Each structure stands twice: as structure tokens, then as C-alpha cells.
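Worksheet for the structure shown next.
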Amino acid sequence: YLLLGHWRKKNLTFRIFNVPSTLSLPRVRAALHQAFKYWSSVAPLTFREVKAGWADIRLSFHGRQSLYCSNTFDGPGKVLAHADIPELGSIHFDKDELWTEGTYQGVNLRIIAAHEVGHALGLGHSRYTQALMAPVYAGYQPFFKLHPDDVAGIQALYGKRSPETRDEEEETEMLTVSPVTAKPGPMPNPCSGEVDAMVLGPRGKTYAFKGDYVWTVTDSGPGPLFQISALWEGLPGNLDAAVYSPRTRRTHFFKGNKVWRYVDFKMSPGFPMKFNRVEPNLDAALYWPVNQKVFLFKGSGYWQWDELARTDLSRYPKPIKELFTGVPDRPSAAMSWQDGQVYFFKGKEYWRLNQQLRVAKGYPRNTTHWMHCGSQTPDTNSSTGDVTPSTTDTVLGTTPSTMGSTLDIPSATD
Amino acid sequence: RALGPTEKEAVLDYLLQYGYLQKPLEGADDFRLEDITEALRTFQEASGLPISGQMDDATRARMKQPRCGLEDPFNQKSLK
């Protein structure tokens with residue numbers, strides 16, 4: 001293989017500007033998506049189609065004359081397509097070819113596109129005549145796959161794709177679903193009632209979710225309420241569960257039988273998806289740093305999921321009480337916090353677990369205590385009857401942010 | 001066999017277009033025979049064809065196949 005350059009980023013967008021007369025738009029899109037997938041399946045690259053605006057890689061068809069390309073084509077046969085090397089991103093196909101899919105007739109768009117995407121990613125021509133990156137079109141191959149030289153070339157540029165990640169994504173058997181849009185519901189009162197979900201999220205902030213709203217928990221009380229979709233674009237309200245993993249920097253949100261994945265505040269390509277390997281309508285989720293696993297809870301059971309390795313979930317659910325002693329069934333939220341303790345929430349109470357995953361003495365307590373609502377609402381400890389101003393709490397006193405201002409929550413575009 | 005002028009021009013165009021022959025910066029556009037032979041040898045080697053440096057049927061057929069418009073930056077150094 002020969003290397004011509006590389007992109008400095010690995011998450012790339014592409015846009016299809018026009019299609020040939022011989023193939024419908026859906027077939028063109030399917031062929032081009034598959035062309036990108038050949039490369040993303042062996043290298044840590046992602047490709048996301050955009051329908052408007054700027055794209056890193058731009059695909060179009062033109063003929064002998066072109067206003068925007070000085071390298072014109074030559075009619076049927078001979079030159080089929082050409083592409084720019086990184087980080088320019090143009091891919092042009094000769095519109096006078098008989099572009100086809102699924103037949104030996106004509107020129108297979110998927111294979112030629114995969115070749116040109118290889119150029120756009122930085123690969124030159126291979127001297128292996130059976131390689132995709134060979135300069136001459138070898139004809140339609142119904143069971144096409146990359147040649148080892150193609151794989152070696154792209155991995156020399158971008159590294160290898162983690163096989164664990166691929167397994168995990170393949171085994172989820174999820175389907176892409178449309179984002180949900182709805183009018184926001186009533187604003188909840190952070191100092192009363194239960195929460196839907198709780199995470200120690202990106203940048204070390206503690207986020208509480210209820211209905212269509214989210215707020216941060218700080219030393220000086222709950223931060224201002226934001227619509228969830230204003231921070232995590234495309235995420236609906238009334239979530240079942242949420243969990244942030246510092247291992248992968250991913251936040252997973254669960255609702256019904258769908259999961260949304262974000263890195264920081266940006267949704268990952270392909271999400272939301274349906275999940276079917278654990279039961280829908282989860283109650284809670286948490287990340288346990290001790291074994292770097294994600295725990296999903298529903299009813300009296302839990303699933304332990306490794307984000308980066310193949311997990312045999314058929315052995316689950318297991319009883320919550322076997323691992324988390326003293327925790328109620330059907331928790332509404334759960335989280336590992338920065339103090340190394342695990343917390344469960346249900347109704348107006350919360351439980352703290354020690355390192356042995358046993359509920360600590362003095363719990364459950366009222367969630368107003370956790371929310372630092374003490375200065376606004378006296379908190380009656382449900383177990384002892386003590387009035388506990390939250391500011392005297394030794395555990396929560398280490399909440400990272402002491403600012404109750406809007407600066408606590410980054411903007412959706414942050 | 002000797003190439004006709006039309007075919008010779010087409011072969012030179014191909015070798016030039018795809019980077020097997022380099023146009024001299026100075027002097028006439030005529031290529032030396034040994035330069036053309038060397039370019040053909042490189043093309044044949046990169047294409048998995050018998051290496052003769054001559055314009056044979058296999059080389060002719062290969063040059064007629066549909067292909068990518070980018071150059072093949074093959075030379076004897078890269079092929080080594």
C-alpha cells in the first residue's frame with residue numbers, strides 16, 4: 001500500500017450531492033454507506049451522513065464538463081472516478097458510467113466508492129491487483145471484502161479498530177429510531193419528590209433528571225433547571241435510567257426499549273437504538289469503578305454489562321440483594337459518586353452503600369438532604385427524625401462545584 | 001512490433017496521465033526509447049503482467065480496463 005496523508009480526526013461527516021440516473025437515491029445511499037463501512041469496520045473511524053451544510057467528505061457525479069472540478073471525465077469506460085487526498089475530501093464519479101448494484105453488468109458503485117473513500121482517507125494505489133486499492137477495476141464481486149493490503153494500509157494510518165467494540169456494537173442488534181420531540185412537561189421541584197435518574201456525569205458534575213428537566217446538585221443546593229434536550233440534544237424526558245462511564249466517557253440514557261449514547265453532550269452516530277438483551281423499562285443504572293462495569297437494575301434484579309467486552313447477559317438478571325445488601329427493589333435512580341460510595345434513590349429517600357456494598361448506618365435519608373435543600377426546606381431524617389441541614393453533611397460537603405449559577409451546566413453546544 | 005503513431009500517442013498519454021512517465025522540464029517532448037521501455041516495465045510489474053518493456057497484447061488490454069483517475073506513483077524504487 002501507499003500512504004498519501006491522513007485526517008487529524010477520526011469522526012468524519014459525508015454528504016451525497018447528487019445521484020446517477022441509473023440508480024435510485026436509496027440504492028445510492030445504501031451503496032455509499034456500505035463503502036464507508038468497509039473502512040470503519042477495520043479502523044477506528046466513524047462516518048456520519050449529513051444532508052446539508054459542510055461535510056468532510058463530499059460525493060458527487062459529474063461528466064465531461066464540470067464547473068467545480070477541473071479534472072473532467074472521459075465518457076463511458078476508462079476513468080470511472082477520482083478523489084482528493086486528506087484533508088480535502090472531494091470524491092467524484094463519472095456520471096456517464098452505467099452505475100449498478102447487485103449485478104455483473106455496468107460498474108459497481110459500492111466497490112468504486114469504497115476505493116475512492118480509501119483515497120479520501122489517505123491511501124494511494126496498491127500494487128496488489130486483487131486489492132480494493134489497485135488502480136484498475138476488477139469487476140463486480142458479490143461477496144466483496146477488503147484485501148489484507150487494504151486493511152494494513154488503513155490501519156497504518158488510523159490504527160486498528162478494537163474488536164471488543166465491534167462485538168459490542170454488533171451484538172446489541174439495535175435498530176435506529178427517530179428522535180422524540182414533545183412539548184416539555186411541568187417543571188419539577190428538585191426539593192420534593194423522586195428523581196428519574198442521577199449521574200456523576202461529564203466534568204465531574206452531578207446531574208439529576210426528572211420529567212423533561214435536569215439540574216446539577218451543588219453544595220449550595222440544586223442548580224437551575226434546564227430542559228434535558230437543551231443539554232443533550234435529541235434526548236427525551238421522563239428517562240428510566242442514566243449512567244456515565246469514566247472508562248469510556250460515554251453516557252447511556254435508557255427509556256423504554258431504547259438507549260441513547262452520548263460522548264460529553266454529543267449523541268453518538270446511530271443512536272438512539274432499540275435494545276433487546278436486557279429487559280425494557282429499566283429502573284436505574286450505575287457504573288461501579290471497582291470492576292469498571294455498568295449495572296442495570298429492574299425490579300429485584302440487575303444485569304452487569306461490560307461496555308468494551310462481549311458480555312453473556314443470559315446469566316442475568318440476578319437478585320439485587322445478593323450484591324447490594326439492604327437496597328430496595330425497584331430503585332428509581334442509582335450512581336457511584338466521587339466519594340467512592342454507591343447511592344440508590346427511591347421515592348423521597350436515598351441509601352448510601354459502603355465499599356462492601358452494604359447500606360451504611362443511618363440510611364435511608366431524605367433526598368432533600370442529598371439535594372442540599374436544607375436552607376430552603378428542613379430535612380427530616382426518615383430514620384432518626386433529626387432535622388439535618390444539608391450543609392453539615394460530611395459526605396456531600398465535597399460536592400465539586402459550589403456555584404449555583406447557570407455556569408454549572410454547560411450549554412448544549414459546549 | 002512497431003506501434004502506429006496513434007497507438008503510440010495513446011500509450012504515451014496513458015503512461016503520462018498515470019505517472020509512469022515524467023515530462024521533461026526542458027527540451028523537446030520526445031521521450032527516449034529507454035524511458036518508455038522503463039515506464040512500460042514498471043507498469044507491467046505493478047499490474048502483475050510479464051515484464052518485457054514491450055507493448056504486448058496483455059499490456060494493451062490492461063491499459064483499456066476501466067480504472068481510477070488518480071496516478072499510480074509506482075516506480076522501480078517503490079516497487080522494490
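Computed from the coordinates by the stated procedures, all read-outs in this text should not be read as laboratory data. This one's a predicted model, so the numbers in the text were calculated from it and none came from an experiment. All Cβ positions, even for glycine, are placed from backbone atoms using ideal geometry, and neighbour counts span all protein chains on display.
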- Task: Tell me which residues come under 5 Å, amide H to amide H, from residue A:63 once H is placed; ignore anything under 5 positions away on its chain.
- Result: A:95
- Message: I need the trypsin sites (Lys or Arg not before Pro) found in segment A:20-113, filtered to DSSP loop residues with at most 15 other beta carbons within 10 Å of theirs.
- Response: A:51, A:64
- Percent of Cα-Cα distances greater than 15 Å, calculated over segment A:205-263: 49
- Can you give the Kirkwood hydrodynamic radius for segment A:1-80, in Å, rounded to one decimal and based on Cα pairs? 14.6
- Note on the structure: Between residue A:3 and residues 5 or more places away or on another chain, the pairs with built amide H atoms under 5 Å apart involve A:124
- Message: At a threshold of 8 angstrom on Cα-Cα distance, excluding pairs fewer than six apart, so keeping six or more, what relative contact order does segment A:28-128 reach in percent?
- Response: 29
- Query: With +1 on each Lys and Arg Cβ and -1 on each Asp and Glu Cβ, how big is the dipole of chain B about its Cα centre, in debye rounded to the nearest 20?
  - Reply: 300
- Message: Once R0 is set to 51 Å, what does the formula 1/(1 + (r/R0)^6) return for the Cβ-Cβ distance between residue A:220 and residue A:18, expressed as a FRET efficiency to the nearest 0.05?
- Response: 0.35
- Note on the structure: Among B:69, B:19, B:48, the residue with the largest mean-square fluctuation in a Gaussian network model of chain B built from Cα contacts under 10 Å is B:69
- Task: Tell me which residues come under 5 Å, amide H to amide H, from residue A:241 once H is placed; ignore anything under 5 positions away on its chain.
- Result: A:254
- Determine ³J(HN,Hα), in whole Hz, for all residues of segment A:338-345 in sequence, where each value follows from phi through the Karplus function 6.51 cos²θ - 1.76 cosθ + 1.60 and θ = phi - 60°; x replaces Gly and Pro. 6, 7, x, 9, 9, 10, 10, 10
- Give A:160/A:266; A:321/A:346; A:210/A:361; A:205/A:266 a once-over and call out the pairs whose C-alpha atoms are over 20 Å from each other. A:160/A:266; A:210/A:361
- Query: Based on the alpha-carbon gyration tensor of segment A:1-154 and its eigenvalue square roots a ≥ b ≥ c, which shape applies: rounded if a/c is under 1.5, prolate if not and a/b is larger than b/c, or oblate?
  - Reply: rounded
- Message: If you average the C-alpha positions of segment A:212-272 and of segment A:26-49 separately, how far apart do those two centres end up, in angstrom?
- Response: 28
- Message: Just to be sure I understand: with springs between alpha-carbon atoms less than 10 Å apart, which residue in B:32, B:62, B:41 has the highest mean-square fluctuation in the Gaussian network model of chain B?
- Response: B:32
- Semi-axes of segment A:109-163's equivalent ellipsoid from the Cα gyration tensor, sqrt of 5 times each eigenvalue, largest first, rounded to whole Å? 18, 12, 11
- Expected integer from the mean partner chain Cβ neighbour count at 10 Å over A:76-82 is 5
- Please report Rg over Rh for chain B, where both radii come from the alpha carbon positions and Rh follows the Kirkwood definition. 0.93
- Message: Please compute the Kirkwood hydrodynamic radius over segment A:272-372, one decimal place, Å, based on all pairs of different Cα atoms.
- Response: 14.1
- Message: Given axes a ≥ b ≥ c from the Cα gyration tensor, I'd like to know whether segment A:57-140 is rounded (a/c under 1.5), prolate (a/b larger than b/c) or oblate.
- Response: oblate
